[in-house]
Amino acid sequence: MATNHKSRAAILAGAKVVIAEVGSYQANMIDIAARSEVSRATVYNHFSDKAEMFQELIEVEIHRLAELAQSAPTPADALYLLSRAISTDKALRQMSVSDPADIVKLISMNDHALWTLTKQSLQGIFGTNWDVILHWLLGQIASPLTDDESKAQAHQLVFAL
């Protein structure tokens with residue numbers, strides 16, 4: 001079971017690397033298998049297709065970001081960490097350039113289960129102000145912030161809310 005989990009995690013990590021290099025549209029299972037250091041058969045044992053893999057990758061990323069924010073000592077620190085994670089994410093940067101339609105789809109899937117998970121995670125961390133925070137973070141997908149901007153805006157947002 002541990003090997004199965006390690007293979008799945010390696011595949012998702014490999015998928016993120018490939019997306020960072022060529023975008024989601026150009027990413028293919030052969031390159032993902034190579035980056036993951038597993039066979040293509042192993043990739044297909046875990047995922048029926050690229051769409052299923054990408055959906056799980058997004059879910060894993062949402063959980064990772066939620067854990068990152070929950071580990072922060074203050075709300076301002078949580079916002080800063082989330083801002084840096086989004087603003088420096090190479091896969092999001094590449095997708096913004098090569099696959100803008102996928103980014104639009106990603107940020108506008110309001111009734112999707114992953115969107116609900118995102119809202120619940122933010123609400124659990126930031127309470128009733130989750131929607132303002134979500135919009136601030138989503139804006140950073142298309143317009144990433146510098147480290148100084150992330151720090152300043154995180155503190156301003158906490159102060160304003």
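The values are calculated or read from the model by the stated rules, or taken from the named source; none is laboratory data. These figures come from a predicted structure and were not determined experimentally. With ideal geometry, Cβ positions are generated from the backbone for all residues, glycine too; neighbour counts draw on all protein chains shown.
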Fill in the blank from the handout: Scanning the stretch 31-71 for residues that are free of Cβ contacts under 8 Å to residues at least 24 places away in the same chain, buried (at least 16 other Cβ atoms within 10 Å of the Cβ) and not in a helix (DSSP H, G or I) gives none
Handout entry: Tally, over the stretch 88-136, of residues that are among the aliphatic types (A, V, I, L, M) and in contact with a Phe, Trp or Tyr (Cβ under 7 Å, 6 or more places away or on another chain)
Key = 3
Practice task
Considering only the stretch 72-88, state which residues are part of a helix (DSSP H, G or I) and within 20 Å of A142 (Cα to Cα).
Solution key: L79, Y80, L81, L82, S83, R84, A85, I86, S87
Exercise for the section: Tell me, please, whether a residue that is small (G, A, S), modelled with pLDDT under 90 and out of contact with any helix residue (DSSP H, G or I) (no Cβ under 8 Å at 6 or more places or on another chain) can be found in the stretch 120-136. Expected result: yes
Practice task
Would you mind finding the one in I86, I125 that is aliphatic (A, V, I, L, M) and either in contact with a Lys or Arg (Cβ under 7 Å, 6 or more places away or on another chain) or under 22 Å from T146 (Cβ atoms) (or both)?
Solution key: I86
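Conditions (1) over 14 Å from the mean Cα position of the chain (by Cα); (2) more than 25 Å from L145 (Cβ to Cβ); (3) among the aromatic types (F, W, Y), marked per residue:
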{"residue": "N4", "(1), (2), (3)": "yes, yes, no"}
{"residue": "A9", "(1), (2), (3)": "yes, yes, no"}
{"residue": "A15", "(1), (2), (3)": "no, yes, no"}
{"residue": "I19", "(1), (2), (3)": "no, no, no"}
{"residue": "S24", "(1), (2), (3)": "no, no, no"}
{"residue": "D31", "(1), (2), (3)": "yes, yes, no"}
{"residue": "H46", "(1), (2), (3)": "yes, yes, no"}
{"residue": "D49", "(1), (2), (3)": "yes, yes, no"}
{"residue": "A76", "(1), (2), (3)": "yes, no, no"}
Exercise for the section: Could you check, for the stretch 14-34, whether at least one of its residues is in contact with a helix residue (DSSP H, G or I) (Cβ under 9 Å, 6 or more places away or on another chain), at pLDDT below 90 and closer than 25 Å to A154 by Cβ? Expected result: no
Handout entry: Residue identified as modelled with pLDDT of 90 or more and crowded, with 16+ Cβ neighbours inside 10 Å among L79, L106
Key = L79
Handout entry: Filter result for the condition that a residue is among the β-branched types (V, I, T) and under 22 Å from V97 (Cβ atoms), over I11, I19
Key = I19
Exercise for the section: Filter the stretch 105-145 down to residues that are touching a residue at least 24 places away in the same chain (Cβ under 8 Å) and in a loop (DSSP other than H, G, I, E, B) and give me whichever is nearest to the chain's Cα centre (by Cα). Expected result: P144
